Amino acid sequence: MQGFERSLALCRMFSQSSAPEAQALARVAPPQRLRHFVAGALALIVLAPGLTQASDWPNRPVTIVVPFIAGGNTDMMARMAAERLSAKYGHPFVVENRGGAGGVTAAGQVARAAPDGYTFLFGAGSQLTLAPLVQKINYDPDKDLIPVTEFGTGPQILGVKADMPANTLKEFIDYAKANPGKLSYAGVGVQTVTAIAAGVLKARAGLDMTLVPYKGGVQAVGDLLAGHVDMYFGNASEMLPYLDSGKIKLLAVATPQRLPQAPDLPTVAETFPGFQYGSWNGFMVPAGTPQEIIDKLVEGSIEAVNTPFVREKLIQSGIVPGGTTPAQVAERFKADKKAFAEAVQIMGLRPE
């Protein structure tokens, strides 16, 4: 270590000297000292840029890639985070929407981005825990992208059409079992949390129902309202506006505990212990991003979540506020990977 420090010191002495002084110093420096100089120069070349960029980060605009089109929950949360981070650090955090392929394409692009703290992914946890199980992806979910902090989770809520002769989850299951093959349910995609929640419930309850596929939740909710499908397991932000409307019946939520904004809505886990599915959203960084930058990003994100306005907005939108540390996120992802692996096996899904 002392030799390394001498190398750096000698390198600085050369760099601070005028050209004639440096030449004279080189002439009188013994070979061993010159070797130290070369080693120090190389160390500065390799280490100094990273050290500098971490210590003064950010010193230019930061891109936050959202792997979905604008207007959804993920985009909304990313923009709230970007606004607060811009104010905190004095440089723009710009949201860039790159939709397509269920978010996998954009996630791969960020995974291959330079780990310099100027390109982050604000995505869904399912891109690292579920997508690799059901489709081919172009990045290593365990090595290339590191989830560092959760901003919010969108719970899944089970709803049925208004004239369904059932007012509880148990009553619906009993009715569906008494009418095998006669009921339908809406599904958005095959690799989404929404689709997994419905598929696992169907399998665990032993229901014979027909899947009606949709491209998005808006269309699925619309057909549930119109009575064209019998059931839909959708995001809380899509379903909670109809809690007391009488237009659809909300029967259960897929969270460990009941939602504070709907305390009378039971959890699915009260009928099927351990049933828990939600849409995690938060920051992920390319592997190799300096820890100092990660710490600043996490700090700013947690502060944003705990801002009264942001927290209230999340709750009103049916989102459970996050604000978690990297260690807490790691535990969450470990549990999610296990749950999704079991779900994929139950549903018999295979990578596309």
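The values are calculated or read from the model by the stated rules, or taken from the named source; none is laboratory data. Note that the coordinates shown come from a computational prediction; the quantities given were computed from them, not determined experimentally. Cβ sites come from the backbone with ideal geometry, for glycine too, and all protein chains shown count toward neighbours. The area values use the complete protein model at the heavy-atom level, side chains included, leaving out ligands, DNA and RNA. Shrake-Rupley method; radii C 1.70, N 1.55, O 1.52, S 1.80 Å.
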Reported set for segment 52-81 where residues are open to solvent by less than 30 Å² (accessible area, probe 1.4 Å), under 10 Å from Phe122 (Cα atoms) and in contact with a helix residue (DSSP H, G or I) (Cβ under 9 Å, 6 or more places away or on another chain) is Ile64, Val65, Val66, Pro67, Thr74, Met77, Ala81
What pairs can you find where one residue is in segment 176-204 and under 20 Å from Ala226 (Cα atoms), the other is modelled with pLDDT under 90 and open to solvent by 40 Å² or more (accessible area, probe 1.4 Å), and their Cβ atoms are less than 7 Å apart, with a gap of 6+ or different chains?
Gly187/Pro213
Touching a Ser or Thr at 6+ places or on another chain (Cβ under 8 Å), more than 28 Å from Leu128 (Cα to Cα) and modelled with pLDDT under 90: is that true of Ala39 in this structure?
yes
Among (1) among the acidic types (Asp, Glu); (2) without any contact (Cβ under 8 Å) to a residue 60 or more places away in the chain; (3) open to solvent by less than 60 Å² (accessible area, probe 1.4 Å), which single condition is Asp230 missing?
(2)
Looking only at segment 310-346, count every residue that is modelled with pLDDT of 95 or more and more than 18 Å from the chain's Cα centre (by Cα) and tell me the total.
0
Lone qualifier among Arg84, Arg79, Arg98 - being modelled with pLDDT under 95 and closer than 26 Å to Asn235 by Cα
Arg98
Quick check, is Val200 within 15 Å of the chain's Cα centre (by Cα) and either of a type outside the set (Ser, Thr, Tyr) or part of a strand (DSSP E or B) (or both)?
no
Condition check: modelled with pLDDT of 95 or more and within 18 Å of Tyr277 (Cβ to Cβ). Does Pro147 satisfy that?
yes
Answer residue from segment 331-341, given it is of a type in the set (D, E, K, R) and touching a residue at least 60 places away in the same chain (Cβ under 8 Å) and is nearest to Val134 (Cα to Cα) among those
Lys337
Take the conditions open to solvent by less than 10 Å² (accessible area, probe 1.4 Å), at positive phi and either in contact (Cβ under 8 Å) with a residue 12 or more places away in the chain or small (Gly, Ala, Ser) (or both) and apply them to Gly125. Does it pass?
no
Buried (at least 18 other Cβ atoms within 10 Å of the Cβ) and either under 23 Å from Gln345 (Cα atoms) or touching a strand residue (DSSP E or B) at 6+ places or on another chain (Cβ under 9 Å) (or both): is that true of Lys161 in this structure?
yes
Do you know which residues across segment 299-328 are in contact with a Gly (Cβ under 7 Å, 6 or more places away or on another chain) and assigned to a helix (DSSP H, G or I)?
Ile302, Val305, Leu314
Counted residues in segment 82-99 being under 16 Å from the mean Cα position of the chain (by Cα) and open to solvent by 30 Å² or more (accessible area, probe 1.4 Å) come to 4
Could you tell me whether Thr210 is assigned to a loop (DSSP other than H, G, I, E, B) and either among the hydroxyl-bearing types (Ser, Thr, Tyr) or buried (at least 22 other Cβ atoms within 10 Å of the Cβ) (or both)?
no
Meets criteria (surrounded by 13 or more Cβ atoms within 10 Å (Cβ to Cβ), β-branched (Val, Ile, Thr) and farther than 21 Å from Ala339 by Cα) for Val218:
yes
Within segment 292-322, track down each residue that is over 21 Å from Val65 (Cβ atoms), of a type outside the set (Lys, Arg) and open to solvent by 70 Å² or more (accessible area, probe 1.4 Å).
Glu292, Glu303, Asn306, Pro308, Phe309, Glu312, Gln316
Answer yes or no as to whether Glu171 is acidic (Asp, Glu) and open to solvent by less than 30 Å² (accessible area, probe 1.4 Å).
no
When segment 219-264 is examined, which residues are found to be touching a helix residue (DSSP H, G or I) at 6+ places or on another chain (Cβ under 7 Å), assigned to a loop (DSSP other than H, G, I, E, B) and more than 19 Å from Thr153 (Cα to Cα)?
Val229, Lys247
